[in-house]
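These notes are about the structure you will find just below.
The values are calculated or read from the model by the stated rules, or taken from the named source; none is laboratory data. These figures come from a predicted structure and were not determined experimentally. Cβ atoms come from the backbone with ideal geometry, glycine included; neighbour counts cover every protein chain shown.
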Amino acid sequence: MSYDLSDRIDDYSRDMHGHSNWAYVDTLSKEDKAKIKEGTHPEGILEGGILFYYAPCDEDE
C-alpha cells in the first residue's frame, strides 16, 4: 500500500485537530485566498500552505 503526502497530512490533522478536514491553499476560492492574505480565515488555521478547518467534514463524523 502506498503512503503519500496527503495520508501524512491526514494523520497530522487527526492528531492535532481531531479530524482530517483540510485543503491546500492553492485549491481554494479567490474569496478564501483573500481572507488568508488578510491574515484571517473564520473557518480554519493556516499552516504551511494548508488550511486546517476547525470543523470536521461529514466524512469524519
Quiz item: Given the structure, is Ser13 at pLDDT 95 or above, assigned to a loop (DSSP other than H, G, I, E, B) and not β-branched (Val, Ile, Thr)?
Solution: no
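From Asp26, Asp7, Asp32, which residue is free of Cβ contacts under 8 Å to residues at least 12 places away in the same chain and out of contact with any Lys or Arg (no Cβ under 7 Å at 6 or more places or on another chain)? Talk me through it step by step, then tell me what you get.
Numbers: Asp26 fails: free of Cβ contacts under 8 Å to residues at least 12 places away in the same chain; Asp32 fails: free of Cβ contacts under 8 Å to residues at least 12 places away in the same chain.
Being free of Cβ contacts under 8 Å to residues at least 12 places away in the same chain and out of contact with any Lys or Arg (no Cβ under 7 Å at 6 or more places or on another chain) holds for just one of Asp26, Asp7, Asp32, which is Asp7.
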